Amino acid sequence: MKNGLKKQVSELQKQNQILQNTPQEAEEIIHQTKQQLRDSERSARQLEKEVKRLEEKSSQLEDTAKQLEEKNKYLQFQIDQLKRLMFGAKRERFISNIVVDQMTLPFDFPEPPVAEQATETIEYTRKKANSRENHHGRLELPSHLPVEEIHLEPKQDTTGLKCIGQEVTSELDYTPAKLFVRKYIRNTYALPGGEGIVIADLPARPIDKGIAGPGLLSNILVEKFVDHLPIYRQIERFKREKVVISSSTIDGWVTKTADLLAPLYSHLVKLVIAQGYLQVDETPIKVLDHQNKIGKTHQGYHWVYNAPLQNAIFFDYCHGRGREGPMRLLKDFKGYLQTDGYGVYEWFARQDGITHIACMAHARRKISDALDYDKEKAGLLMKMIQDLYAIEREARVAGLTPEQRKELRLDKSLPIMNDLGKKIAEMNKTAIPKSPMGIALYYATQRWDNLLNYLYDGSLEIDNNWVENAIRPSTLGRKNFLFAGSHEGAKRAAMFYSFFGTCKKNNVNPYEWLKKVLEIIPEYPANKIGDLLPQNLKI
């Protein structure tokens, strides 16, 4: 209480002293007070600037810390990859079902006590597991195969015995393909009066004056381009049948067959290019070039064009991987063009009338490669892409029309794509560019608009997998053939891959199709050549 009174007295004395000052002194005191206020305001502004600077520096340090964390993760990923190359198996196909993040317990760890629980007895009846009704039986034999019946009788005499039934045992057997000779015997008749002779015409043959029939030619070509059996292996098989055919003879047969089928191939190319929706990809093929040094091969390319709406495909051989090849074929193309991220296709995407569609499978593949690097982020993106493919599977199983599939995508896929795009853009801000995650995010970011384009039409596919599946026979054959014998040989290979790839897309037996075509094409009307394509010819 006394202290409070003392303070009041002191304040009153100060005020009294100020009142006793002259006006000049009072004005000076006011000036000093204002100056102090200005100094305080200046100090406050400086403090605010300092606080703001420190906040910015703190944010920069946080960004730096994130970048360093990403860099550390990338370096650790590289170390793990190097260790795997140095000490790991070269080919690891085993996938362990052990949870990696789960800690293991020592073998002698004491078991925890089990609390007593109330029990009850449940009784029910079920069939035995080995019941005949639950047994699926043997593989059912195909009904379309010819049947050879062999009747067996008991060794003992059955005279006078009554047959009360039969036991039938079936087995599936195989007879290797056999070569045979077909002779056309034509009687020659003399006309009266020496006016000439009459003889029947030979049926149309694929190779005039050649000894190879349509069945043999078809088998050679199917085994080479479908079953990937090189010619020299086929020659060894013929030798087992005591038939010697030189490789030059078979090469001549293949060349003449290709010449015979060239108009049909040209028609297939025009048919595919005329479609408004194409999927395009390319695959390398080594070609023996006689202009190069001995033992050196030229790196050629098969460009593959798939028309999903027509169920047709064709291969086109080019010497290089530049845009000259597709530019020659697609100069008048208008419509949807779906490809991977190869830079050549970007030129076509900039042309008027072409809508470029990117491949979601390629974007997913790069994100999948980053799972070992950043499982959390890559796993989140993979889950969202998995949801997109689940919607595609739903539409396919339900058999939706293109219009219905478009509505389903706009209803379910579009929100996922929008969310996926935001996640990718956000992650891309802090990702190391050269890291697996940075590469995957950059790939998707640069092509995001093209990845969205499949939503425009229900006839479009989410990825380019159909054309990649068509390339697989060429890839498998490349491992067996090693190289094409010449550039012309690579062009012929492109032709047969086109025909047999179209057969596969239309569930047509390639041998039966080619055999029938070779039987009738020599005399078939040129203006109806399209009727012989695999999707049109009835076998």
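Report whether or not PRO146 is modelled with pLDDT of 85 or more, more than 30 Å from ASP201 (Cβ to Cβ) and in a loop (DSSP other than H, G, I, E, B).
yes
Pick out the one residue from GLY379, GLY325 that is free of Cβ contacts under 8 Å to residues at least 40 places away in the same chain and surrounded by 17 or more Cβ atoms within 10 Å (Cβ to Cβ).
Of the residues listed, the single one that is free of Cβ contacts under 8 Å to residues at least 40 places away in the same chain and surrounded by 17 or more Cβ atoms within 10 Å (Cβ to Cβ) is GLY325.
Does region 439-447 contain at least one residue that is surrounded by 14 or more Cβ atoms within 10 Å (Cβ to Cβ), in contact with a His (Cβ under 9 Å, 6 or more places away or on another chain) and not in a helix (DSSP H, G or I)?
Yes - at least one qualifying residue is present in region 439-447.
For GLU426, indicate whether it is over 29 Å from LYS71 (Cα atoms) and either surrounded by fewer than 16 Cβ atoms within 10 Å (Cβ to Cβ) or in contact with a Phe, Trp or Tyr (Cβ under 7 Å, 6 or more places away or on another chain) (or both).
Here the answer is no, as GLU426 does not meet what is asked.
Which pairs have Cβ atoms under 7 Å, sit 6 or more apart or on different chains, and link a residue in region 244-257 that is of a type in the set (Asp, Glu) to one that is exposed (fewer than 15 other Cβ atoms within 10 Å of the Cβ) and not in a loop (DSSP other than H, G, I, E, B)?
none
Residues in region 471-505 that are at pLDDT below 80 and either part of a helix (DSSP H, G or I) or crowded, with 23+ Cβ neighbours inside 10 Å (or both): how many?
Of the residues in that region, 12 qualify.
Output the residue which, of all residues in region 191-246 that are surrounded by 10 or more Cβ atoms within 10 Å (Cβ to Cβ) and of a type in the set (Lys, Arg), is nearest to the chain's Cα centre (by Cα).
LYS224
Looking at region 348-376, which of its residues are surrounded by 14 or more Cβ atoms within 10 Å (Cβ to Cβ), free of Cβ contacts under 8 Å to residues at least 60 places away in the same chain and more than 17 Å from the chain's Cα centre (by Cα)?
PHE348, GLN351, ILE354, LEU371
So which of LEU47, LEU12 is surrounded by 10 or more Cβ atoms within 10 Å (Cβ to Cβ), of a type outside the set (Asp, Glu) and modelled with pLDDT of 75 or more?
LEU47
What are the residues in region 404-437 that are under 17 Å from ARG393 (Cβ atoms) and of a type in the set (Gly, Ala, Ser), if any?
Result: SER413, single match.
Scan region 176-187 and report the pairs whose first residue is under 10 Å from GLY215 (Cβ atoms) and whose second residue is modelled with pLDDT of 85 or more and aromatic (Phe, Trp, Tyr), with Cβ atoms within less than 9 Å and a gap of 6+ or a chain change.
LEU179/PHE238
The values are calculated or read from the model by the stated rules, or taken from the named source; none is laboratory data. Remember, predicted model here, so these are calculated numbers, not experimental data. FYI the Cβ positions are ideal-geometry reconstructions off the backbone, even for glycines, and counts take in every protein chain you see.
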